[in-house]
Amino acid sequence: MKFLYEGKAKIVYEVEGDKCLIHFKDTATAFDATKRANIEGKGVLNNTISSLLFQLLEEKGIRTHFIKKVSDREMLVWRARKYDLEVVVRNITAGSLCKRLGLKEGEKLKKPLVELFYKRDDLHDPLICTEHALFLGLAERREIREMLRMALEVNKLLKGFFRDHGLLLVDFKLEFGKLPDRTIGVIDEISPDTCRLWDAKTGEKLDKDRFRFDLGDLLEGYRKVLERVQGG
């Protein structure tokens with residue numbers, strides 16, 4: 001395997017030319033990695049949850065880079081040319097939305113709110129609009145439209161799936177890439193690292209906010225998510 005990239009939570013290797021192997025690490029980071037810890041078992045949980053959710057999207061006709069889970073910590077994916085954009089979909093007010101707009105946490109939105117962020121660590125991933133993305137050459141207009149359309153489709157599917165398993169999908173972020181067949185697909189991961197998930201009855205936070213704000217054992221929250229989504 002050829003080493004390609006190491007990020008905060010994953011290591012990516014090239015295999016078989018147009019495929020990659022993603023290794024999920026145990027590192028947890030928050031606040032632009034100014035808060036960091038190694039939490040044994042986190043990578044296994046994120047790989048398992050992401051694999052399950054990617055399989056769900058593929059079964060419902062939503063294109064992703066996922067091929068298969070190959071071990072506890074690794075998944076095989078199609079190599080993709082990623083866009084330097086994050087698409088965030090919000091169903092309930094939380095996080096930076098509350099901070100930016102002075103909103104109270106936990107208010108249900110009348111319809112999903114979709115936001116674009118520029119993936120630049122040195123700029124702290126700023127919020128941008130479509131015209132900014134076009135000006136910066138991050139994607140073509142039709143590609144941005146397709147990403148936004150897919151994000152809302154993913155939201156509709158995952159929101160219902162999590163609801164059926166006793167969880168509220170508060171918000172989540174997606175990354176997209178151009179796959180070997182030139183189609184746009186969802187890449188990276190879908191896990192409690194990238195989704196805010198609350199217990200539908202108690203409101204308990206079961207995502208990375210547990211680590212960000214010292215709300216309880218991170219692995220306990222992630223295990224609860226996995227138990228729910230595997231529970232049928």
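What follows draws every value from the coordinates through simple rules; no lab data is involved. Worth saying up front: this structure is predicted, and the values here are computed from it rather than measured. FYI the Cβ positions are ideal-geometry reconstructions off the backbone, even for glycines, and counts take in every protein chain you see.
Brief remarks follow.
- Net lengthening on full extension, ILE67/GLU227 (0.36 nm per residue, minus Cα-Cα): 55.3 nm
- The label point for CYS98 and the one for GLU59, both projected 7 Å from the Cα toward the Cβ, are 3.4 nm apart.
- Annotation: average projected area of segment 11-148 is 10.6 square nanometres, based on the convex hull of Cα atoms across all directions.
- A simple spin-label model places the labels of ASP164 and GLU146 2.8 nm from each other, with each point 7 Å out along Cα-to-Cβ.
- Paramagnetic reach from LEU113 (point 7 Å along Cα→Cβ, amide N under 19 Å) across segment 136-154: 148-149, 151-153
- The separation of segment 125-154 from segment 32-100, counted between C-alpha centres, amounts to 19 Å.
- Counting other Cβ atoms within 10 Å as a rough exposure proxy, the listed residues CYS98, CYS195, CYS129 run CYS129, CYS98, CYS195 from fewest neighbours to most.
- Computed per residue of the chain from DSSP H runs no shorter than four, each worth -39500 (n - 2.57), the mean residue ellipticity at 222 nm is -9500 deg cm²/dmol.
- Segment 2-78: translational diffusion in µm²/s, Stokes-Einstein, Kirkwood Rh over Cα pairs, 20 °C, 1.002 mPa s: 163 µm²/s
- Inter-label distance for THR202 and PHE31, nm, one decimal - labels placed 7 Å from Cα along Cα-to-Cβ: 2.7 nm
- Which of HIS132, HIS65, HIS124 has the fewest Cβ neighbours within 10 Å, and the rest in rising order: HIS124, HIS132, HIS65
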